[in-house]
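Visitor: If you scroll down you'll find the structure; I have some questions about it.
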Amino acid sequence: MAEALRVGIAGLGTVGASVIKVVSNHGATLKRQCGREIAVTAVSARDRNKDRGVSLGNAAWYDDPIDLARSDGIDVFVELIGGEDGPALESVRAALESGHHVVTANKALLARHGVALAEIAEQNGVLLNYEAAVAGGIPVIKAMRESLAGNTVSRVYGILNGTCNYILTQMDEANVSFDACLSEAQRLGYAEADPTFDIEGHDTAHKLAILTSLAFGCQIAPDDIYMEGISNISLADIRAAGELGYKIKLLGVAQKTDSGIEQRVHPTMVPKASVIAQVDGVVNAVAIETDILGELLMSGPGAGGMATASAVIGDVADIAKSRPGFQHGPVFGHPAKKLAPYVRARMRSHEGGYFIRLTVADRAGVFAAIAKRMADNDISLESIVQRSDAGDESADEQKTVILVTHETTESAIRQAVEGIVADGHLMAKAQVIRIERAG
Ligand code: HSE
């Protein structure tokens, strides 16, 4: 049997500790599957004395992850430090330059530096694996990089943040406040160190940027993403969506259009009957539309120690099974040097249906004024409903008007809403939520 694969792990938080647990509890199975043992021979973290609930055995301790990355005592460097620059970037670069394979769960790092790191990996003939960086335990990178060879992708979209999906589900099902749901997601270990990364859409955007590159063979463009988070979504939106036959999900969507590639992250109304609408809680889902296969939808645990560890271990096992000269192809599906420049489609050209919730003064002519703004911008309405919110003391003076449009453009919607604001009938900020066609 081949010699053990020597793994060095930098970062011993929830995911790092879970990886060590899996290697120790499932070592025999991994050994049978890979034809060799996987051994954690070295670790690095900030605090040597912290109780992590796992045994580090005889693993060598490194205070500096860069020293670990360069060490002769490892074959694979597993980066679980986090952050797009600093020690994560420096140690991954050092490991690749030292001829070590790298496994990382770090979506921010890859979104920012993935192409440059892929070039180093490809020059040095080593693997840079990152299954855990996107959609937790779902093997979407493997599917896009390997299983969909020959397919042309037209759209990839998904629920890519477990924390947001958990919050939206709890608000919907249990009528629990946004803040209480977020605290619980943090307690369960789903949320990022800074949870604004989750709820304002940055985490989803990082993951989407990686999927876009894999889907369309282009460079990673994390700054060219239209982004809105879920902090503005209220129970009123969730209730209205439900009554109209929709659920609200934070989606990341990348889509080919005539003018370029659209990348957007925003709360989205999806039909209740669609498969993606059934994806609740911390579960993530990724849908990929291609010419050969049609639509593929994968769902599974998107955050948490064990789900992420499962993806990390899968990547390590791939390295254990690989042999010199027989690798798994380029890091982002196409050689890093040949990735096409990213061409951004303008958000104002986005086409789709829209949900608009307006809180208006209850006086004559308001309804007609709203309808006129819609007509002036050539927006056709699917439905328009006016109602008083039961139990609301101001219900006598104000009403809620909910509009659902047929397919139109972002530009038309923005102009219509600007017009409605200018008319002076609004008593609160207009809420606009895009509707997405979903299978
Ligand atoms: N904070 C992330 C989430 C963890 O909630 O999905 C995985 O990236």
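The values are calculated or read from the model by the stated rules, or taken from the named source; none is laboratory data. Just so it is clear, the structure is predicted and the values come from calculations on it, not from any experiment. Neighbour counts are summed over all protein chains in view; Cβ atoms, including those assigned to glycine, are modelled from backbone coordinates with ideal geometry. We work out accessible area using only protein heavy atoms, side chains counted, and drop any ligands, DNA or RNA first. Shrake-Rupley method; radii C 1.70, N 1.55, O 1.52, S 1.80 Å.
Visitor: Taking amide H atoms as placed 1.01 Å from N in the peptide plane, list the residues 5 or more away in sequence, or in a different chain, whose amide H sits under 5 Å from that of Leu251.
Guide: The answer is His266, Thr268.
Visitor: Considering only the chain, what is the antiparallel percent among its DSSP beta bridges, to the nearest 5? Spell out each step's value before the answer.
Guide: Values: 52 of 77 bridges.
DSSP beta bridges in the chain are roughly 70 percent antiparallel.
Visitor: Sticking with this structure for a sec: Enter the angle in degrees (range 0 to 90, nearest 10) between the Cα long axis of helix 14-25 and the first principal axis of the Cα atoms of the chain, meaning the one along which they spread out most.
Guide: That helix lies at roughly 50 degrees to the long axis.
Visitor: Next question. From the phi of every residue in the range 358-367, what ³J(HN,Hα) in whole Hz does the Karplus formula 6.51 cos²θ - 1.76 cosθ + 1.60 yield, where θ is phi - 60° and glycine or proline is x?
Guide: Ordered by residue, 3J(HN,Hα) equals 10, 9, 10, 5, 8, 9, 4, x, 5, 4 Hz.
Visitor: Using Cα positions and a limit of under 19 Å, work out the aspartates and glutamates in reach of Lys21, with same-chain residues fewer than 8 apart set aside.
Guide: Qualifying aspartates and glutamates at Cα under 19 Å: Glu37, Asp47, Asp51, Glu79, Glu131, Asp315, Asp318.
Visitor: Specify, per residue and in Å³, the volume enclosed by the convex hull of the alpha carbon atoms belonging to the range 4-59.
Guide: Values: hull volume 4.0 nm³, N = 56.
Cα convex hull per residue, to the nearest whole number: 72 Å³.
Visitor: How big is the charge dipole of the range 142-301 about its Cα centre, in debye rounded to the nearest 20, if each Lys and Arg gets +1 on its Cβ and each Asp and Glu gets -1 on its Cβ?
Guide: On the way: 11 positive and 21 negative charges, 78 e Å.
In debye, rounded to 20, the range 142-301 gives about 380.
Visitor: Continuing with this model, one more query. With a 1.4 Å probe and all protein chains left in place, how much accessible area per residue does the chain have, in Å²?
Guide: Dividing the accessible area of the chain by its residue count gives 42 Å².
Visitor: Here is a further query. So who's got an amide H within less than 5 Å of the one on Gln398, skipping anything under 5 residues away but keeping other chains? H placed 1.01 Å off N, in plane.
Guide: The list, which skips near neighbours in sequence, is Asp362.
Visitor: Taking the Cβ of Pro65 as the centre, find all other residues whose Cβ is under 11 Å away and add up their charges (Lys, Arg: +1; Asp, Glu: -1).
Guide: Values: positive: Arg46, Arg70; negative: Asp63, Asp64, Asp67, Glu79, Glu90.
Within the 11 Å Cβ shell, the charges total -3.
Visitor: Compute the FRET efficiency between Arg348 and His406 as 1/(1 + (r/R0)^6), taking r as their Cβ-Cβ distance and R0 = 22 Å, and round to the nearest 0.05.
Guide: So the FRET efficiency works out to roughly 0.75.
Visitor: May I ask which of Lys256/Lys321; Lys249/Lys429; Lys31/Lys207 have a Cα-Cα span longer than 29 Å here?
Guide: Numbers: Lys256/Lys321 36 Å; Lys249/Lys429 21 Å; Lys31/Lys207 31 Å.
Among Lys256/Lys321; Lys249/Lys429; Lys31/Lys207, the Cα-Cα distance tops 29 Å for Lys256/Lys321; Lys31/Lys207.
Visitor: Starting from the eigenvalues of the Cα gyration tensor, five times each then square-rooted, give me the equivalent ellipsoid semi-axes of the range 30-123, largest first, whole Å.
Guide: On the way: eigenvalues 98, 62, 31 Å².
Working through the eigenvalues yields semi-axes of 22, 18, 12 Å.
Visitor: Separate question: Each label point is 7 Å from the Cα along the Cα-to-Cβ direction; what then is the distance between the points at Glu397 and Ala361, in nm?
Guide: Taking the simple label geometry, Glu397 and Ala361 are separated by 1.0 nm.
Visitor: Roughly speaking, to the nearest percent, how much of the chain's 1.4 Å accessible area is carbon and sulfur?
Guide: The nonpolar share, carbon plus sulfur, comes to 48 percent.
Visitor: May I pose another question? Using a Förster distance of 35 angstrom, determine the FRET efficiency expected from the C-beta separation of Asn232 and Ala273, and round it to 0.05. Intermediate values should be presented prior to the final figure.
Guide: Details: r = 26 Å, r/R0 = 0.74.
About 0.85, to the nearest 0.05.
Visitor: By per-residue mean of other Cβ atoms within 10 Å, what is the highest-first order of 336-348, 136-148?
Guide: 136-148, 336-348
Visitor: In degrees, nearest 10, range 0 to 90: what is the angle between the Cα axis of helix 202-216 and the longest Cα principal axis of the chain?
Guide: Taking Cα atoms only, the helix is inclined about 80 degrees.
Visitor: Compute, for the chain, the length of the dipole vector about the Cα centre, with Cβ point charges of +1 (Lys, Arg) and -1 (Asp, Glu) only. Units Debye, rounded to 20.
Guide: Dipole of the chain, to the nearest 20 debye: 940 debye.
Visitor: With a ≥ b ≥ c taken as the square roots of the eigenvalues of the C-alpha gyration tensor of the chain, please select rounded if a/c is under 1.5 and otherwise prolate if a/b is larger than b/c or oblate if it is not?
Guide: Cα axes put the chain in the prolate bin.
Visitor: Tell me, what ³J(HN,Hα) does each residue in the range 66-76 have, in order and in whole Hz, if you take phi through Karplus 6.51 cos²θ - 1.76 cosθ + 1.60 with θ = phi - 60° and put x for Gly and Pro?
Guide: My calculation for the range 66-76 gives 6, 5, 4, 4, 8, 4, 6, x, 10, 9, 10 Hz in order.
Visitor: For the chain, find the longest principal axis of its Cα atoms and tell me its angle to the long axis of helix 107-124, 0 to 90°, nearest 10.
Guide: Roughly 40 degrees between the two axes.
Visitor: Highest GNM mean-square fluctuation, the chain, Cα pairs closer than 10 Å: which of Val15, Val404, Val366?
Guide: Checking each option, the largest mean-square fluctuation is seen for Val366.
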